[in-house]
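The values are calculated or read from the model by the stated rules, or taken from the named source; none is laboratory data. No experiment lies behind these values; they were computed from the predicted model shown. Cβ sites come from the backbone with ideal geometry, for glycine too, and all protein chains shown count toward neighbours.
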Amino acid sequence: MRLAILGGPGAGKGTQAERLSHALGIQWISTGDMLRQAIVAQTRLGEKVATRVKQGELVADEDMIELIRQRLLQPDVANGWLLDGYPRTAFQAEELDFLLDDLKQRLTVAIVLDVPDAVLVERSLARARADDTPEAIQRRIALFQERTIPLLEYYEMRDRLLRIDGAQAINRVHEDILKPLAAQAEGNSK
Ligand code: AP5
Ligand code: MG
């Protein structure tokens with residue numbers, strides 16, 4: 001299975017991605033975690049993106065597309081993957097489809113976690129990561145609305161969007177995602 005999980009800052013993408021990747025036996029790929037690791041390791045990419053990530057700005061599409069291209073070519077993702085926080089812009093979504101065409105693969109479904117802004121702020125502030133200042137959180141919410149919400153239509157039109165109420169308890173969100181995926185997997189095996 002090949003999945004993407006989208007949602008605002010603190011929507012629970014990482015929390016759900018970790019559980020889903022275990023439940024489905026697929027690799028969890030978090031672009032936010034990859035960037036934070038690159039920043040700590042002071043790689044060329046890390047140095048390039050550090051300020052943007054800290055301020056809650058998006059990293060340039062071309063850097064993200066290359067990062068994902070390299071990652072999806074690794075042998076450990078052959079059985080499937082779950083992209084956490086990617087794609088985030090219409091351009092990234094289109095480029096992902098081009099890449100998957102090249103690899104003769106297909107995105108099974110894009111999951112979006114619907115969570116009210118007030119809850120996003122509350123959860124992010126409670127977690128207090130380095131980029132969880134009130135200004136950076138507001139900026140990430142604004143960018144989610146401007147850049148990521150429009151691409152939901154892209155997946156909806158292709159009948160590949162799974163919309164989930166992400167404001168529920170963690171276990172409930174997990175079950176709501178897993179049920180339709182299990183039904184789909186069963187349908188495909190018949
Ligand atoms: P990224 O790391 O993806 O940050 P984000 O989108 O702001 O999301 P978070 O990781 O903060 O939240 P989450 O949805 O994973 O929630 P979590 O499970 O942790 O990206 C960081 C930065 O990298 C971006 O700002 C950008 O600069 C750059 N970047 C990354 N991808 C990019 C891309 N594709 N293009 C360009 N730039 C990119 O949960 C949050 C908290 O809530 C936790 O404490 C958790 O325990 C709690 N929680 C979770 N679910 C629930 C629940 N159901 N009920 C109660 N509490 C819950
Ligand atoms: Mg995360």
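Are there any pairs, at least 6 apart or on different chains, whose C-beta atoms fall under 6 Å, with the first in the stretch 9-38 and under 15 Å from Tyr86 (Cβ atoms) and the second among the basic types (Lys, Arg) and within 10 Å of ligand 1 (Cβ to nearest atom), and if so, which?
Pro9/Arg140
May I ask you to say which residue of Ala4, Ala11 is at pLDDT 95 or above, within 30 Å of Arg172 (Cα to Cα) and part of a loop (DSSP other than H, G, I, E, B)? Lay out the reasoning, then the answer.
Working: Ala4 fails: part of a loop (DSSP other than H, G, I, E, B).
It is Ala11.
Within the stretch 7-47, how many residues turn out to be in contact with a Ser or Thr (Cβ under 6 Å, 6 or more places away or on another chain) and more than 9 Å from ligand 2 (Cβ to nearest atom)?
Matching residues across the stretch 7-47 total 1.
Would you mind telling me which numbered condition in (1) farther than 26 Å from Leu125 by Cα; (2) assigned to a helix (DSSP H, G or I); (3) within 14 Å of the chain's Cα centre (by Cα) Leu162 fails?
That leaves (2) as the condition not met.
Could you check Ala78 against (1) at pLDDT below 95; (2) within 13 Å of ligand 1 (Cβ to nearest atom); (3) small (Gly, Ala, Ser) and say which number it fails?
So Ala78 meets the others, but not (2).
Filter the stretch 165-188 for residues that are charged (D, E, K, R) and over 17 Å from the mean Cα position of the chain (by Cα); which is surrounded by the most Cβ atoms within 10 Å (Cβ to Cβ)?
Keep residues of the stretch 165-188 that are charged (D, E, K, R), which gives 165, 172, 175-176, 179, 186.
Keeping just the survivors that are over 17 Å from the mean Cα position of the chain (by Cα) gives 172, 175-176, 179, 186.
Values: Arg172: 13, Glu175: 11, Asp176: 18, Lys179: 10, Glu186: 9.
Result: Asp176.
With the condition being more than 28 Å from Met157 (Cβ to Cβ) and within 18 Å of the chain's Cα centre (by Cα), I'd like the strands (runs of 3 or more DSSP E) fully within the stretch 26-132 carrying at least 2 qualifying residues.
On the way: elements: 27-30, 81-84, 109-114.
The strands (runs of 3 or more DSSP E) meeting that bar number zero.
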